[in-house]
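Structure, as structure tokens:
The values are calculated or read from the model by the stated rules, or taken from the named source; none is laboratory data. Model, not experiment: these values are computed from the prediction. All Cβ positions, even for glycine, are placed from backbone atoms using ideal geometry, and neighbour counts span all protein chains on display.
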Amino acid sequence: MKINKFILFILFFSNFCFLNLANAQIPRKLKRDLRYGRYTEDTSYVYEMPFEKGKRVWLIQGYYGWFSHKHEKALDFNLKRSENVCAARSGRVVDLENNSKATGFIRSNINKGNYVIIEHSDGTCAAYWHLKYNSVKVQVGQKVTAGTIIGQCGKSGYAIKPHLHFWIFRRGDYGIYEEVATRFKTDNGIKYLRGGRWYGH
């Protein structure tokens, strides 16, 4: 399944163009609960952290973060440049970009980041964005397991500093793509992550 890059553009930058229709319908209380890690729904798949075990990483922004995630269920992990990015769940690589040298917090870079998209057995997809130029270590069609190193952190595309922008999406009703909040296995139990906190595994 080749992911349409226009769909990725809409999902990743819905906070600029306000086209994420699914998020627009989410109640304010739910957004607050996700933002502050108070959401307790417990039927979602539990993901591994998207970085190597033994590390602790600062979560710059969580779901609906105030800086650039106001309309996004996305997470920004404060990985350093060239740190390994790992698959958070087993699946198959369905799309990637590895050749972008564009970088900087300017609008022309909005859709120019390096990334890997992994599709899971339930039809959801994980997006790993802002990867370092020429660092992607997987190929389209390749099957990976949780913990597989898929690339290195960078700041390709629309980014101020090196970090990993991570989010899950799926095709919802009427073919509209929607973002999915996810729980993670951490060194302090299973939970939804909150921006401004340290997490390890």
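Which of (1) acidic (Asp, Glu); (2) modelled with pLDDT of 95 or more; (3) buried (at least 21 other Cβ atoms within 10 Å of the Cβ) is the odd one out, the single condition residue 76 does not satisfy?
(2)
State whether the residues of the range 96-103 include one that is touching a Phe, Trp or Tyr at 6+ places or on another chain (Cβ under 7 Å), under 22 Å from residue 80 (Cβ atoms), part of a loop (DSSP other than H, G, I, E, B) and hydrophobic (A, V, I, L, M, F, W, C).
no
Return the only residue of 168, 150 being within 16 Å of the chain's Cα centre (by Cα), modelled with pLDDT of 95 or more and not in a loop (DSSP other than H, G, I, E, B).
After applying the criteria, what remains is 150.
Could you list all residues from the range 103-147 that are aromatic (Phe, Trp, Tyr), closer than 17 Å to residue 61 by Cβ and under 14 Å from the mean Cα position of the chain (by Cα)?
128, 129 - these are the residues of the range 103-147 that are aromatic (Phe, Trp, Tyr), closer than 17 Å to residue 61 by Cβ and under 14 Å from the mean Cα position of the chain (by Cα).
So, in the range 153-165, how many residues would count as being among the hydroxyl-bearing types (Ser, Thr, Tyr) and either at pLDDT 90 or above or touching a Gly at 6+ places or on another chain (Cβ under 6 Å) (or both)?
Of the residues in that region, 1 qualify.
Could you tell me how many of the residues in the range 116-147 are touching a residue at least 40 places away in the same chain (Cβ under 8 Å), under 22 Å from residue 183 (Cα atoms) and assigned to a strand (DSSP E or B)?
Adding up the residues that qualify gives 8.
Condition check ((1) surrounded by fewer than 15 Cβ atoms within 10 Å (Cβ to Cβ); (2) not basic (Lys, Arg)) across all residues:
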{"position": "95", "(1), (2)": "no, yes"}
{"position": "101", "(1), (2)": "yes, no"}
{"position": "110", "(1), (2)": "no, yes"}
{"position": "113", "(1), (2)": "no, yes"}
{"position": "121", "(1), (2)": "yes, yes"}
{"position": "133", "(1), (2)": "no, yes"}
{"position": "146", "(1), (2)": "no, yes"}
{"position": "150", "(1), (2)": "no, yes"}
{"position": "157", "(1), (2)": "no, yes"}
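On the given criteria, is residue 190 in contact (Cβ under 8 Å) with a residue 12 or more places away in the chain, part of a strand (DSSP E or B) and more than 29 Å from residue 133 (Cα to Cα)?
It is true that residue 190 is in contact (Cβ under 8 Å) with a residue 12 or more places away in the chain, part of a strand (DSSP E or B) and more than 29 Å from residue 133 (Cα to Cα).
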